[in-house]
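Single-structure report; data block below.
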Amino acid sequence: MRADRLLVKAGKAVAVAAVVAWSIVPIAFIVLSSFKPGRDIFAVPPKLLFEPTLLHYQHLWQRWGSFFDGLINSLIVTAGSAVLAVAVSSLAGYAYSRHRGRVLAGSVYLLIGVRLIPPIVVTLPLFPIVNLLGLNDTHLVLILLYTSFFVSLGTILMRTFIDQVPRELDEAATIDGAGRLTVLRRIVLPLAAPGMLAVAVFVVVFAWNEFLFAFIFTATRAKTAPFVLSEMISSVDGVDWGVLFAAATIQLLPVLLFVIAMNRFLVAGLTAGATKG
């Protein structure tokens, strides 16, 4: 029996190690390659010992200034999407948590259905509408699209967190003369703050790395970092892999640090409702 348990634990350890390696190895390859001389990037066998160089980062700054403009655009769009998505999801989550009815219960399936729609399905019909409204190639169109795409999941997450706030607190505040917005702002949302941060983490990761919407709805003024990375891949001068890996490393770093800092809120979002009775 003990041997069986050890075998099961060993199998789990091997599975976890395989998943970690599957995730970490490509990232490590990109980061290390950004510091390798060009001739060593695709050397066979791979060179693990090499003299680091910052030449690729220097060339990135000199040749692809648009990439850093794209980073600024990504920051604007990501921050705007996170703030708007958290605000809308919090209000909607409060409504779903504190009110019951067949219509509300049925609309949850609609929210899930919206989240499951592939983005490409809605991009083409939206394109003429966005042009008609004059929103093409603006930060606003990406903020609205990212918020709309993620507010369904955000609402479900916020409902789960707000459900954990006792209704008695709402009733006590109402008896004391507090209005519904006051109850929401001063009692419910502060207690559901971990949920708001969890939603923000999901939106930030999605918006920072999203490519399809940026590719279709932006051209010059509002193009994001992933869009510029695609331009580097399709450059007429050929792909400078060292510069491309340097750009990918810089684009990865902010969101990686953010996810590490907010790790416990990300886990809370992934496990929301798992232990609810």
query: By how many nm would the segment from Phe42 to Ile233 grow when fully extended, if each residue of separation counts as 0.36 nm and the alpha-carbon distance is taken off?
result: 67.1 nm
- line: segment 105-197: relative contact order from alpha carbon pairs under 8 Å, six or more residues apart, as a whole percent, is 30
- prompt: So what's the net charge close to Phe211: Lys and Arg +1, Asp and Glu -1, counting the other residues with Cβ under 12 Å from its Cβ?
  reply: -1
- prompt: Kirkwood-based Rg over Rh for segment 36-164 (C-alpha set), two decimals?
  reply: 1.19
- request: Can you check what the net charge comes to around Ala247, using other residues whose Cβ is under 14 Å from the Cβ of Ala247 (Lys, Arg +1; Asp, Glu -1)?
  value: -1
query: Based on the Cβ-Cβ distance of Leu6 and Ala172, what FRET efficiency does E = 1/(1 + (r/R0)^6) give at R0 = 41 Å, to the nearest 0.05?
result: 0.15
- prompt: Once the other residues with Cβ under 13 Å from the Cβ of Ile72 are scored (Lys, Arg +1; Asp, Glu -1), what is the net sum?
  reply: +1
- prompt: Using alpha carbons only, how many degrees (0 to 90, rounded to 10) separate the axis of helix 102-116 from the longest principal axis of the chain?
  reply: 0
query: Rounded to the nearest 0.05, what FRET efficiency do Ala193 and Val121 have when you use their Cβ-Cβ distance and R0 = 35 Å?
result: 0.55
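When you count, for each residue, the other Cβ atoms within 10 Å and take the mean per peptide, how do 209-220, 74-85, 23-34, 104-115 rank with the highest first?
In decreasing order of mean packing, 209-220, 74-85, 23-34, 104-115 become 74-85, 209-220, 23-34, 104-115.
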query: What is the P(r) of the chain, as percent of Cα-Cα pairs per 5 Å bin from 0?
result: 1, 5, 10, 12, 13, 13, 12, 11, 9, 7, 4, 3, 1, 0, 0
- prompt: Between segment 52-79 and segment 114-150, what is the C-alpha centre distance in whole Å?
  reply: 25
message: If I model a spin label at Arg100 and Ala18 as a point 7 Å from the Cα along the Cα→Cβ vector, what separation in nanometres do I get?
response: 4.6
- line: the chain: relative contact order from alpha carbon pairs under 8 Å, six or more residues apart, as a whole percent, is 31
- prompt: Quick one: if you stick a label point 7 Å off each Cα along the C-beta vector at Asn209 and Phe50, how many nm between them?
  reply: 2.4
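Readers should treat all values here as calculations from the given coordinates under stated rules, not as data from a laboratory. Model, not experiment: these values are computed from the prediction. Neighbour counts are summed over all protein chains in view; Cβ atoms, including those assigned to glycine, are modelled from backbone coordinates with ideal geometry.
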